[in-house]
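To start, the structure itself, in structure tokens.
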Amino acid sequence: HADDLEFNWKEPILSLSVGCAAVFLLDGLSKNGKQDPALPILIRPGDVMIMGGNSRLLYHGMARVLPTLPTALLDNNNNDNG
């Protein structure tokens, strides 16, 4: 989709990732595939994305959610066994 329906584009779009990691695709002004291929961006939990100005008109979206574990389960410092 593209964020092109608002009346006022002065404010940027802010996105905060709080779930699983994912592949975000940033494309061009149309989604007909006649321009450069979409840019894949790895989004991880805690990442912030800001899209302002003309970038709001670019087609974008999540291509794939990646299976990930919550950070607390990966942190060895939370182990009660020392």
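The values are calculated or read from the model by the stated rules, or taken from the named source; none is laboratory data. What you are looking at is a predicted structure, and each value in this text was computed from that prediction instead of being measured. Please note: Cβ atoms are built from the backbone with ideal geometry, for glycine as well, and neighbour counts cover all protein chains shown. Areas reflect the complete protein model, heavy atoms only, side chains present, ligands, DNA and RNA absent. Shrake-Rupley method; radii C 1.70, N 1.55, O 1.52, S 1.80 Å.
Tabulated data
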quantity	calculated
Hits in segment 14-25 (condition: open to solvent by less than 50 Å² (accessible area, probe 1.4 Å) and modelled with pLDDT of 85 or more)	SER17, ALA21, ALA22, VAL23, PHE24
Candidate set: segment 63-82, residues that are open to solvent by 70 Å² or more (accessible area, probe 1.4 Å) and either of a type in the set (Asp, Glu) or at pLDDT 90 or above (or both); chosen: the one farthest from TRP9 (Cα to Cα)	ASP80
Which numbered condition SER15 misses (of (1) at positive phi; (2) small (Gly, Ala, Ser); (3) in a strand (DSSP E or B))	(1)
Number of positions in segment 46-56 that are exposed (fewer than 15 other Cβ atoms within 10 Å of the Cβ) and touching a residue at least 40 places away in the same chain (Cβ under 8 Å)	2
